[in-house]
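Data first, discussion second: the structure below is written as structure tokens.
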Number of protein chains: 2
Amino acid sequence: MQMILRAFDTVLVELEEVREIFERELSTDEPAIADIIEQVGKFRGKMLRPALVLLCGKLCGPIKQSHRIIATVVEMLHMATLIHDDVLDEAEHRRRGKTINALHGNEAAVLLGDLLLSHAFSLCSQLQGNQAARLLSATTNVLCEGELLQLIYRGYYELTEERYLEIIDRKTASLITVSCLLGAQESGADARTAQAIEKFGNNMGMAFQIMDDIMDLTGDEAVQGKTLGTDLVKEKLTLPVIHYLRSSDSSQRKRVEQLLMEKRGSEYERFKKQLISSGSIEYARRRGREFVEKAQQALLEVPATQERELLEDLAISLIA
Amino acid sequence: MQMILRAFDTVLVELEEVREIFERELSTDEPAIADIIEQVGKFRGKMLRPALVLLCGKLCGPIKQSHRIIATVVEMLHMATLIHDDVLDEAEHRRRGKTINALHGNEAAVLLGDLLLSHAFSLCSQLQGNQAARLLSATTNVLCEGELLQLIYRGYYELTEERYLEIIDRKTASLITVSCLLGAQESGADARTAQAIEKFGNNMGMAFQIMDDIMDLTGDEAVQGKTLGTDLVKEKLTLPVIHYLRSSDSSQRKRVEQLLMEKRGSEYERFKKQLISSGSIEYARRRGREFVEKAQQALLEVPATQERELLEDLAISLIA
């Protein structure tokens, strides 16, 4: 899943402005805190969510300062969740070996994430009116519930596809959806366009998480630039594994459950190959493609501009 | 430090309404999440911050729905920080022994705190205008920086009293101050009264944290209902220790530093006695009393109502 650059190129100037707002908002006169905030940089990704705010904004009208602020807010919220995801339980901590910052690692990560959440809402409160703040905080309510559900369902081998989709809808699609929707609304999109953009964002978000989950099983760490295979370690059931388990007989299922429960890391590679040969990876990919198709369909309801084309390219790039 | 009940009695009905808003805001149709949210109950304290919003509100005029909402918000923010404080680093985790929820303990605590933060800002965004949201999010920015500073200065034996006071101002007094100020402002307090109430809150907050820090060294767990002595374990330097170190010669200082660094728990009791006999506890208490006196002075600027008397009682009860 390599995001094509053209979509980002179109909003390159605005993304740079978003970066400036981001840094200005987090600036502090405490050098020691500034040092810690600098670590946030290592979590900075391709800024998909800000790009969606800006592209959906451009699709419906001119970009305003409120777009840049909202784009900064969604990136801050996203990074806060990434950083808090990084808080490890004791067992994992040990398994991964003691890092230099092991002593204060978890605590610093928690506080840094909190600082980002706080500044995100602080930026929100600087917007005119509180409609965006309402929508964004309602979204983080949903997002947090999604993360909690994901935690609750760890190691639950009866997790259904339906429930999995509900969880990723909350924890991932929600913020991507609201990024698109607010981008459009801030440009004064009419109700029909806003609804179509919202639908686009939701399906794009679903596809994004499914493909990301597949990547965790099949990807190359060097290419992706992040640690992969962590879902198996955490007994986080994703679509390929859910499909594999439901297509298995009881003895096969038992074997997989034991492999994951006992964290037999040495057998992960063999299991991943089984997921491929059994067609479970391909099944998940197909589901991902279906969401991308729905995202494309939703776009048919919006004006056929250059931005619409770029949004479509962006959705397609997820499954490329 | 036993909060007198009279102040709370005056706002008992409103505090009950705050509890209802709290529970309604966090209600969810996911039973598993509801179970986790129920755990929040165990962190619920005496609701000092909501009581201050309500008392300062009553002092300046009638209580409105916005008071109740703000009171709920400050309690949610406070509880989020309590829960996130509970996230332990690996070392501490081990020292305290594995609890039942050790496997997901840290992660659930992080997410639960996030959920509270999110709902706090969600409630904020339901208020008319965004002045309260601005002030509250600016406060959480400051609060997070205070928590980060506290973490950074752990084990730093040159910590000065001045710097300690700056840290507790940010991490504790900030939210208590804004609770008082918003309570007054929502009742339409004039500028002079609002300023006096703000000053009261700040000094009350400073005294509160100093006395809480003393309690951690001298208190009785059974009476306080919480684990004490954790500051020494965490090498968190508080006022009595800062005073002791600066009054010591270099060999004494060295001994204390080693005792704390090497976490010689068996010597903590002897060290606590030294803090008492050396007058360091008494010194900290005197500083606490000075802040209470300043809080009382600030109140002289506001109308002499029953609420003013209760606020004064509340401040005095900190050092009783």
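Summary of computed values
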| quantity | calculated |
| --- | --- |
| Cα Rg, Dmax, the range B:140-254, angstrom units | 16.5, 57 |
| Subset of B:Lys234/B:Lys294; B:Lys64/B:Lys199; B:Lys236/B:Lys272 violating a 20 Å alpha-carbon distance limit | B:Lys234/B:Lys294; B:Lys64/B:Lys199 |
| Normalised alpha carbon radius of gyration of the range A:166-222 [divisor 2.2 N^0.38 Å] | 1.34 |
| Relative contact order (%) - chain A, alpha-carbon pairs under 8 angstrom, separation at least six | 23 percent |
| From phi via Karplus (6.51, -1.76, 1.60), per-residue ³J(HN,Hα) for the range A:12-18 in Hz, x at Gly/Pro | 4, 4, 5, 5, 5, 5, 4 |
| Calculated label separations, B:Glu158, copies of the chain, 7 Å along the beta-carbon direction, nm | 6.1 |
| Chain B - Rg over Rh from alpha carbon coordinates, Kirkwood radius | 0.98 |
| Sites A:Asp190 and A:Ala304 - FRET efficiency at Förster radius 22 Å, r taken between beta-carbons, to 0.05 | 0.90 |
| Fully extended contour minus Cα-Cα distance, from A:Arg270 to A:Arg289, at 0.36 nm per residue | 4.2 nm |
| Projected-area mean, the protein assembly as shown, by convex hull of Cα positions, square nanometres | 29.4 nm² |
| Rounded Å value of the spacing that divides the Cα centres of the range A:153-179 and the range A:231-281 | 19 Å |
| Within the range B:164-184: backbone nitrogen closer than 19 Å to the A:Thr28 label point (7 Å, Cα to C-beta) | B:164-176 |
| Inter-copy label distances at A:Ser251 (7 Å, Cα→Cβ; nm, one decimal) | 7.6 |
| Volume per residue that the Cα convex hull of the range B:207-320 spans, once the total is divided by residue count, Å³ | 105 Å³ |
| 222 nm mean residue ellipticity, helices alone, for the protein assembly as shown (DSSP H n ≥ 4; -39,500 (n - 2.57); rounded to 500) | -23000 deg cm²/dmol |
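Every read-out reported here was derived from the displayed coordinates using simple, explicitly stated rules and does not represent laboratory data. From a predicted model like this one, the values you see are computed outputs, not experimental measurements. So basically every Cβ, Gly included, is an ideal-geometry build from the backbone, and we count neighbours across all protein chains shown.
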